[in-house]
Structure formats: structure tokens, C-alpha cells
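As C-alpha cells, the structure follows; a few thoughts come after it.
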């Protein structure tokens, strides 16, 4: 038994024109693949020569989503860290500087991979990610709990901020209190945080279960992910970047 | 459609049953309103109908519940979910995704509908519920009223024959309530069976086929819709119900204030005396200005309502005066400029979600926290607990109390705090008639003791009873219609949109 609302508007309704912004959109699976492959190559021993290629990839991805600040900031940050890693020890030969330089060389790899990962985080909605993982035949136990995690983490952060505000008002939030009664301060923070997040979690899971989350039926997706020209272009770009790195003789 | 027979339900860990001897039949296509005092079992009755009891909440169930011919206890939750749509009290907490479109598709996707069909249904729902204007915004950025619209549409997207609403208007403005009423009317005309648990009754006039008053977990009285419309206020009070008609709002005196954010036709001449004075107050979030007050005076000894549409800066103003929010400009108390850190120590807030401010392990410890001890305090807290029906719970853990009791406990703590600035943020959501009165009484006492009492509320009944002065704000992007809810564009009181 089902209800019909309106009068035959279902057939005549225009397809939803929600995504109006014209940006290049990669399939979420491609984005995940880019993050995985770039971290694997860059983080592996001897992966240093691939850092410039990863940075270029990050900048290109930032450009596709019109994140101008990141497109500019990423190479700047990378060159800054690289300067600390490779130029500073030459200019200032000192053991302490040497340690900083080693740490910076390590951090450089994270900056390079971070650029690619930020693209995934900024352009993929949790539901898209779940749909993509499902399409990639990832088991449901992982996709459902992953989706719940993604939804729930920001809620915990918000509750924690609220509890901190409430503590400041009650005069039990300051550093002095934390130093004098560390255990009690932690209790004053943790008890309301747990109580309020539990309540949020209860509402969320009740509503999700009633709407069939985790139902025995195999779920479908409103917009099934599809590989397109953009994904082919991304693969091509990655191939070119890898080839240039290899041919430049940086990898021995 | 619904048959509840001789149901007795006790939540796990509770001493007494929440429902006891509940009989309730709802016919197909009927609209039924469940009302009654706090704790009478309204919300629990709804959980019985969508299967959250006994499938999600733990406890002991006797009796039989049938929904659309299915025995609830023996039917998996997902099968019941196809037949019911539920809107919980706080829409923002039940969103699983971050956009209107994906939220509307959520149930359809989980129930395995074909993609083409989902897209058509979602498009139709956006159309029917008038959501087109905010499909490109994040759900958490929408106003409370808009979130409610999306939650209704999401609950109805898979076209369930039964729709359940738990206190749907507790945080809505008058304009948003009107839109919600229109939604109800449309769903009802389409043949849906509707059950609404509610305290505020005036907007349901002409919508309800039947009004059921609950008390102590069972049906206390019921009236057909037309007959309920003829009951006088005395009869309602006897059942612990709120007024049936919207209270007459006599416009209270405007507070002295001027500036771009102020929405007063006239303002009294500059006052003097104790209280809060605001000068050249400006506040912006991510470069977008949300509040601009050139000068204002919020007198001590008076309950001042801060009103205006969502997005006008009510909460921001409350956060500024209590010292929680950074801003430009000056805030003076009794003529002396006060830095935010000092204002924090002079302020108390009763938040919307009170669990966030219950810190200790007993009701009595909660009242003592941060207050200098003394014999007088003992005495006062005892009277206060009696006034608020909390007397038997002195030793109980605050988190073991019901939502309404927790709220009254936080109100009591604010009363005892001795602070000069006390803010009540929607203190009446989910509050019945009697406790509405007692909370109003406490606000008056605080004012009489010389505090600056600020009340943020959409509840006309509370505003009519409590307000002595009004500070009406308007959103700063002035080209918008002031009657329409505005997006909050920032994370609400404390992180999440409300």
C-alpha cells in the first residue's frame, strides 16, 4: 500500500537540476585510487623523487575544484618545507639544524600526499563515498560503519565545543581548575559530553534504522558512480607525471 | 491502521512503567493528536507505533501493537520503516547526509528502489514540499524551520501510509509553524494517517480529527476534533494541557536600542540605571557581519525577550553579552565596562540541549556546583526543588532524569547561581502548562533580585506570559523578507545549527 501525493507530478517533474556548478568531477573511486597510489609511491622508501609529481597532481586537482588558495598554497608550502630540508643545512651546518632538516624531509612527503587527499575530502560527500565503496564491492560492514563515523565525528566536535562553553560559564573550565583538580575537570568535561553525544547518536541511529540503513535489501544509489572522460584524463596525467619523474633520472 | 491494546511498557532500568494500560485505535486516514503533561507517555506511544519499541529501545513490553496489519513485535524494523515515516523532535539530529537531495533519497536507496525511480521521487518531493530554494545549501546551515521542512519531506519520501511527529513545533517560529501546518494539511488530503505528539495545540485547530489526552501512560480523555474546539480553558487546564487558542500577544515595550540590527519602529529615550549597556557592537563570522547594534540598554530587574527571525543574531547577541563570543565594541554592566572574561563570571545560561551542562553525579551536587555554600543555600535549593517538582530526586544522577526534569534542574541551578546576567534559550520546548508557569515564575524572581534576564523563544505562550520588554532584531542582509526564516550560515549556539 502506498500513497500518492499530488496529481501525477512524478512523471512530469523535471529531473532535479541541483548540481549547477560546472566543475570537473572525478568518480570517487578514481579519487580514492589517486590518494592510495600517490601515498604508496611517495611514502615508500626512495619515494622522494616522486614528491614534485605528487605536488603537481595536487595543484591540478585543486584547480579542477577551483580551490585557488590551495592551488597556490600547496606548492608554496612544499617549497618552504623543501627549503628547510635541503637548503637550510647547507647554509647553517649545525647538528640541531640537521635534525630539523630530516624531519622536514619527512614532512615534505606528507605535504605532497596531503594535497591529493584534501581533494578527496573536499569534493566527496559521505553518501557518494559510501556509494563508490559499495560499487567497488567493499563489504557492507565497512561501508555502513564508515558512513556512520563520517556523520558522527563532526557531531562529537560540536558537542565538545558546547560543553566547553557551558563549563566556562560555570567557572569550571579554566586551566587553573585543570591543574588543581585534573581528574574532576576531566569528569566535568567527559560526563556531559558522553551524555549529549549519546542522545545525538540515539536520535541519529533511530532515524537511520527506520529509514532502512543496514536493511537486508541490497541498497541502490540515486546517482550510480560512473567512470567518465575526466577519470581517463586523470589517469593520463598521472601516467605522464610518473613517466617524467622516471625519465628525468631522479630515480636510480 | 493502528491498534494498541492493553500495552504496558517499562524502559530498561526504570522502576515504573511509562505506558500502563494503553488502548488506542487509529483509523486509516485519521489525524490524531496526542497531548498531555510532560512524562505522560506521548513520545513513548509514538515509538510503539514505528517499532522503535521494542526493536530499538530496551525494556519490557506486554500487550499487542498492530500497524497496518503487522504485529509490531514480530516484524523487523526495516519492514515497519517502509510503512511509517517519523519526524523526531530535533530535525537536525536525524539527518544522515548533508544535503536536501541525498537526505530525501536516503530511505529510498536503503530500500533498494531503482535509481531512476529515486530521482523521480526526490524531484517530486522537492517540488511538493517547496524545498527548491535550499537544495544547494548544506542541511546544517538551514534554519530550524527549513530543517523541519526537509525532515518532513525525508520522512514522507518513500510514501509511507503512516506519519508520526514528535513535538514538531517545539523550536519553530510562527511563520515556520504556518508552513508546517500547510504540509500537514497536504499530507492529510493525500490520505496519510497522521499521529502528532504535541504540547502546543493552537496550530492544530481544524486539522485534528481526534484529540487524545494522555496521563500516566494511558488515555485520560479524548474528543473528536470539533468537540475539542469547543472546550474552554478551564477544561484544558484540568487535564494539564496548554491553551487551545494562540495567546494574544500584546506588544511589550521596546527596549532602548538603535542600530542596523534593531527592528524597532520607535525607541524610548535613553534610559539610565542598572543593567547592560551595549555600545558600537559588531560581530562577524568569516567576514560576514551578523550583528550590528549602535547602542542598546537591557535593564536589570526586567525580563527582556530577544525576538526576530532565525538568522537575525539573537543567539549571537546572547553569546556576546555572556562573554562567550568575540566581538567589536563595548559591553557595560551598571555603567562599568566589563571584559568578556569578567562577563563569563557574571553570567548563566539555560541552553536548549541541557545535557551539555549537567556536570555532577547528583541533583543536589549540581545545584551546589560553583555556588558559595551556606545554610541559606540549603534552604533555597529545597524550596526551589519543591517548586519544580524535583524534590524526590535530590540524590538521583542528573542523567537518569527525564528531559523535562533535566531542563528544570538547569533552570534551578541558574536561579541559585547568583549571576547578574541570565539567558534562557528556548526554555519551553517540550514543557507542559504547569512547568511553563513555574519556569516563568523563576525568571520573574531572578529579575526581582536585580538580574538582567534575557529570553530567546519562539513560543508565543511563554513570550506572552513572561516578556516585559522586547528587543527585536532583524537580519542584516536587508533585501530578504523579514517574515521568512533565514539560514544561520554559521554553527548555531555551540557548533551545530539549531
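What number of residues in the range A:127-153 are in contact (Cβ under 8 Å) with a residue 60 or more places away in the chain and not in a helix (DSSP H, G or I)?
Counting residues in the range A:127-153 that are in contact (Cβ under 8 Å) with a residue 60 or more places away in the chain and not in a helix (DSSP H, G or I) gives 1.
Looking at the range B:162-195 only, could you name the residues that are in contact with a helix residue (DSSP H, G or I) (Cβ under 7 Å, 6 or more places away or on another chain) and modelled with pLDDT of 95 or more?
Within the range B:162-195, B:162, B:163, B:164, B:194, B:195 meet the criteria.
Of the conditions (1) under 25 Å from residue B:30 (Cβ atoms); (2) more than 10 Å from chain A (Cβ to nearest Cβ); (3) out of contact with any strand residue (DSSP E or B) (no Cβ under 6 Å at 6 or more places or on another chain), residue B:165 satisfies every one except a single condition; which number is it?
(3)
Any idea which residue in the range B:260-290 is nearest to the chain's Cα centre (by Cα), counting only those that are at positive phi and surrounded by fewer than 18 Cβ atoms within 10 Å (Cβ to Cβ)?
It comes out as B:286.
Just name the residue that is surrounded by the most Cβ atoms within 10 Å (Cβ to Cβ) out of those in the range A:1-52 that are modelled with pLDDT under 50 and more than 8 Å from every other protein chain (Cβ to nearest Cβ).
Going through the qualifying residues, I end up with A:19.
Please enumerate the residues belonging to the range B:56-66 that are within 12 Å of chain A (Cβ to nearest Cβ) and surrounded by 15 or more Cβ atoms within 10 Å (Cβ to Cβ).
B:56, B:57
Could you please let me know if residue B:293 is touching a helix residue (DSSP H, G or I) at 6+ places or on another chain (Cβ under 6 Å), surrounded by 14 or more Cβ atoms within 10 Å (Cβ to Cβ) and modelled with pLDDT of 90 or more?
Working: touching a helix residue (DSSP H, G or I) at 6+ places or on another chain (Cβ under 6 Å): no; surrounded by 14 or more Cβ atoms within 10 Å (Cβ to Cβ): yes; modelled with pLDDT of 90 or more: yes.
Answer is no for this residue.
Can you find, within the range A:199-216, the residue that is nearest to residue A:160 (Cα to Cα) among those that are modelled with pLDDT of 85 or more and more than 7 Å from chain B (Cβ to nearest Cβ)?
Top of the filtered list is A:201.
Return a yes/no flag: does the range B:71-85 have any residue that is crowded, with 24+ Cβ neighbours inside 10 Å and closer than 23 Å to residue B:169 by Cβ.
Within the range B:71-85 (the criterion being crowded, with 24+ Cβ neighbours inside 10 Å and closer than 23 Å to residue B:169 by Cβ), the answer is yes, since at least one residue qualifies.
Within the range A:171-198, track down each residue that is in contact with a helix residue (DSSP H, G or I) (Cβ under 7 Å, 6 or more places away or on another chain), modelled with pLDDT of 85 or more and facing chain B (nearest Cβ under 7 Å).
A:188, A:192, A:195, A:196
Under 6 Å between Cβ atoms, at least 6 apart or on separate chains: pull out the pairs that start in the range A:169-190 with a residue that is in the same structural domain as residue A:158 (by TED's automatic domain parsing) and end on any residue that is in a loop (DSSP other than H, G, I, E, B).
A:170/B:370; A:171/B:370; A:188/A:172; A:188/B:359
Tell me, which residue of the range B:18-37 that is in contact (Cβ under 8 Å) with a residue 40 or more places away in the chain and surrounded by fewer than 21 Cβ atoms within 10 Å (Cβ to Cβ) is nearest to residue B:243 (Cα to Cα)?
Start the filter on the range B:18-37 by keeping residues that are in contact (Cβ under 8 Å) with a residue 40 or more places away in the chain, which leaves B:18-24, B:26-37.
Still in the list and also surrounded by fewer than 21 Cβ atoms within 10 Å (Cβ to Cβ): B:20-21, B:23, B:27-30.
Values: B:20: 26, B:21: 27, B:23: 25, B:27: 27, B:28: 28, B:29: 26, B:30: 23 Å.
Result: B:30.
Being facing chain A (nearest Cβ under 7 Å) and surrounded by 22 or more Cβ atoms within 10 Å (Cβ to Cβ) is the filter here, so list the residues in the range B:86-96 that pass it.
In the first step, residues of the range B:86-96 are kept if they are facing chain A (nearest Cβ under 7 Å); the result is B:86, B:88, B:90, B:93-94, B:96.
If the condition is that a residue be facing chain A (nearest Cβ under 7 Å) and surrounded by 22 or more Cβ atoms within 10 Å (Cβ to Cβ), then B:86, B:88, B:90, B:94, B:96 are the ones that fit.
For the range A:102-131: of the residues being within 14 Å of chain B (Cβ to nearest Cβ) and more than 19 Å from residue A:216 (Cα to Cα), which is farthest from the chain's Cα centre (by Cα)?
A:128
Going by the conditions given, is residue B:230 outside any helix (DSSP H, G or I), free of Cβ contacts under 8 Å to residues at least 60 places away in the same chain, buried (at least 20 other Cβ atoms within 10 Å of the Cβ) and in the same structural domain as residue B:47 (by TED's automatic domain parsing)?
no
Which of the helices (runs of 4 or more DSSP H) found entirely inside the range B:1-93 contain at least 3 residues meeting this: closer than 25 Å to residue B:125 by Cβ and within 25 Å of the chain's Cα centre (by Cα)?
B:42-50
Could you please find all residues in the range B:266-289 being touching a strand residue (DSSP E or B) at 6+ places or on another chain (Cβ under 8 Å) and in a loop (DSSP other than H, G, I, E, B)? Working first, answer last.
Initial filter on the range B:266-289 (touching a strand residue (DSSP E or B) at 6+ places or on another chain (Cβ under 8 Å)): B:266-271, B:273-284, B:289.
B:266, B:267, B:268, B:269, B:270, B:271, B:273, B:274 - these are the residues of the range B:266-289 that are touching a strand residue (DSSP E or B) at 6+ places or on another chain (Cβ under 8 Å) and in a loop (DSSP other than H, G, I, E, B).
Rundown of residues vs (1) surrounded by fewer than 20 Cβ atoms within 10 Å (Cβ to Cβ); (2) in contact with a strand residue (DSSP E or B) (Cβ under 7 Å, 6 or more places away or on another chain); (3) in a helix (DSSP H, G or I), yes/no style:
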| site | (1), (2), (3) |
| --- | --- |
| A:187 | yes, no, yes |
| A:190 | yes, no, yes |
| A:204 | no, no, yes |
| A:213 | no, no, no |
| A:223 | yes, no, no |
| A:232 | yes, no, yes |
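With respect to residue A:162, is the statement that it is outside any loop (DSSP other than H, G, I, E, B), surrounded by 19 or more Cβ atoms within 10 Å (Cβ to Cβ), outside the structural domain of residue A:31 (by TED's automatic domain parsing) and modelled with pLDDT under 80 true?
Working: outside any loop (DSSP other than H, G, I, E, B): yes; surrounded by 19 or more Cβ atoms within 10 Å (Cβ to Cβ): yes; outside the structural domain of residue A:31 (by TED's automatic domain parsing): yes; modelled with pLDDT under 80: no.
In short, no.
The values are calculated or read from the model by the stated rules, or taken from the named source; none is laboratory data. On a predicted model such as this, the values are computed, not experimentally measured, just so you know. Reconstructed Cβ throughout: ideal geometry from the backbone, glycine too, with neighbour counts over all protein chains shown.
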